[in-house]
Amino acid sequence: MAQLQPVRGTHDILPEEYARFRHVVDTARHAAQLFGYREMATPIFEFTDVFARSMGETSDVVSKEMYSFADKGGEEITLRPEYTAGICRAFISNGLQQHVPFKAFAWGPMFRYERPQKGRQRQFHQIDIEVIGAAEPQADVEVISVAAEILRRLGILDKCVLELNTLGDPESRIGYRKALVDYFGGHVDRLSEDSRRRLEKNPLRILDSKDEGDRALVANAPLIEEYLTPAARDFFRAVQDGLGAAGIPLKVSPRLVRGLDYYTHTAFEFTTDMLGAQGTVLAGGRYDGLIEQLGGKPTPGIGWAGGIERLVLLSNPQPAAPHSVAIIPIGPAAEAEAAKLAAELRRADVAVELAYGGNAGKRFKRADKLGCAAAVVIGDDELAKGVAKVKDLKSGEETTVPRGELLSKLKA
């Protein structure tokens, strides 16, 4: 029989790695709470139309990477490739328009059929921040500040660079769109097939192309800064000033774009050179037209998502496990007392390791292997005297403690 393996592009998160994984999620959750974000979750699958409408029918994710299928009722269903569309759908479905600004933190698995590589899998996990219903540049500053605080608490902010750009307002985009059509229209023969299709429909999508030939043309394409309205310039300046006041350094990257029409104003990424070719740690932007595109009333929004696997790779050190205590009974009478003591300590929030069997020597070895802080030894003599021996497994120091004082001793 062939050895069983996980499906390509998936992997098992074993306990040691999961401790780092959980550390990233807990750190992100706590930082988000400090800014007033509340945690939520959406289903891991939605009607396919939610993602097709939000990400664009012709995007690579929709056309090539989504896990879509017809369920037993004939409904077209898709495993979520990202979180924003689902949260925006939930905002509309649950009538949350009366609760703006709606500030959400979420995390969970995503699914995309793409080539697996370092930090990128077909089932991967993201943390996600969204603010819906705030049109002010201060909201942009805040969501970026949340990201910076999470990276700082993970000890990796100094390994990352904040790249920032503006996509302008809708009025700015009209002139910019015409300039792109004129420019790329003069190089049609050098464009990829996908980009030729996008030229008339949505030329900004060409700026997102991964095709090497397209990227060579994009390098000399017009920049949006030449077409910004005064209002768009003021908005971008306010975001930069706000980040400066928050002490967050940034690099303006004029080629950083989001190709879909509902994106406006701020686009940003935290990038690093420590993950190889895939340098994006987290990325986001303002999507003032998305809620309307999904069928809701015009409502501004901004958010970002970051890959947990990548954050784990960058933050690498494993958080300290809670100090546990090993109880080592010697003799049949002590076994029953050990079970009773273990229950008592766990109710008091002390982590306890109680082996299922084996002699004292084997139990001490297991306690050492698991990194237990102390061992509590109970034998017939200890039972008769109403005491227990407590051994510090780091220093080797051993003390005898009255049974009634054992909990306070271990907590200390």
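So here's what we get for this one:
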| item | result |
| --- | --- |
| Some residue of the range 107-130 being without any contact (Cβ under 8 Å) to a residue 60 or more places away in the chain and under 12 Å from the mean Cα position of the chain (by Cα) | yes |
| Condition check for GLU163: in a strand (DSSP E or B) and among the acidic types (Asp, Glu) | yes |
| Strands (runs of 3 or more DSSP E) within the range 1-102 that include 3 or more residues on the phi < 0 side of the Ramachandran plot and over 19 Å from the mean Cα position of the chain (by Cα) | 68-70, 76-79 |
| Scope the range 139-182; condition of a type in the set (Gly, Ala, Ser) and within 15 Å of LEU223 (Cβ to Cβ); matching residues | GLY168, SER172, GLY175, ALA179 |
| Members of the range 210-257 that are over 13 Å from TYR176 (Cβ atoms) and of a type in the set (D, E, K, R) | LYS210, ASP211, GLU212, ASP214, ARG215, ARG233, ASP234, ARG237, ASP241, LYS251, ARG255 |
| Conditions (1) modelled with pLDDT of 90 or more; (2) touching a Lys or Arg at 6+ places or on another chain (Cβ under 6 Å); number of the one not met by GLN97 | (2) |
| Members of the range 206-228 found to be outside any helix (DSSP H, G or I) and either assigned by TED's automatic domain parsing to the domain that holds ALA267 or touching a strand residue (DSSP E or B) at 6+ places or on another chain (Cβ under 8 Å) (or both), listed by number | LEU228 |
| Of all residues in the range 167-226 being small (Gly, Ala, Ser) and touching a residue at least 60 places away in the same chain (Cβ under 8 Å), the one that is farthest from GLY284 (Cα to Cα) | SER172 |
| Boolean, SER209 is touching an Asp or Glu at 6+ places or on another chain (Cβ under 9 Å), at pLDDT below 90 and among the hydroxyl-bearing types (Ser, Thr, Tyr) | yes |
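Rundown of residues vs (1) crowded, with 19+ Cβ neighbours inside 10 Å; (2) not assigned by TED's automatic domain parsing to the domain that holds VAL239, yes/no style:
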residue	(1), (2)
VAL143	yes, no
VAL146	yes, no
ARG152	no, no
LYS159	no, no
ASN165	yes, no
ARG177	no, yes
TYR183	no, yes
LEU204	yes, yes
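The values are calculated or read from the model by the stated rules, or taken from the named source; none is laboratory data. Note that the structure is a prediction, hence the values are computed from the model and not measured. Positions of Cβ are generated from backbone atoms using ideal geometry, with glycine treated the same way; all protein chains shown enter the neighbour counts.
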